[in-house]
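Asker: Questions regarding the structure given below will be posed in turn.
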Amino acid sequence: MSYTILVLKHVGTKKMNKSLKDEKCNGWANWETWSVAVWLLNDETCDDICRKSTHYDRFVKTAKLMGLTGVPEGPEWDDPKINVNEINENVFEYESED
């Protein structure tokens, strides 16, 4: 049995194999969603904004006003690959209306 271990490093994340980035990642919809979720939950500034925001769209607006455009060496906050519903449900505990 072989295992693939994915480690997110601050440097070089954009160089990851594109096919790997399009697959599920650590239980999240894809690499972009996982990367944003990890950053939102672990970066102090982002966590503070999240606590004051009711959902991801509000977080994005506030973060951009503060000059934060996305995950360093990762996706922009408004990357279309980000599963916003998954972020809302797991980071903001917000149920979206689909």
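The values are calculated or read from the model by the stated rules, or taken from the named source; none is laboratory data. All values reported here derive from a predicted model rather than from experimental measurement. As a convention, Cβ positions derive from the backbone with ideal geometry for all residues, glycine included, and neighbour counts pool all protein chains shown.
Asker: Quick test for you: out of 19, 2, pick the one residue that is at pLDDT below 60, among the hydroxyl-bearing types (Ser, Thr, Tyr), out of contact with any helix residue (DSSP H, G or I) (no Cβ under 8 Å at 6 or more places or on another chain) and part of a helix (DSSP H, G or I).
Answerer: The unique qualifying residue is 19.
Asker: Can you tell me which residue in the range 51-98 is nearest to residue 40 (Cα to Cα), limited to those that are modelled with pLDDT under 95, of a type in the set (D, E, K, R) and touching a helix residue (DSSP H, G or I) at 6+ places or on another chain (Cβ under 8 Å)?
Answerer: Result: 52.
Asker: Which of the residues that make up the range 43-73 are surrounded by fewer than 19 Cβ atoms within 10 Å (Cβ to Cβ) and either touching a Gly at 6+ places or on another chain (Cβ under 6 Å) or within 21 Å of residue 24 (Cα to Cα) (or both)?
Answerer: Scanning the range 43-73 gives 72, 73.
Asker: Which of the helices (runs of 4 or more DSSP H) found entirely inside the range 32-98 contain at least 2 residues meeting this: touching a residue at least 24 places away in the same chain (Cβ under 8 Å)?
Answerer: 56-65, 84-90
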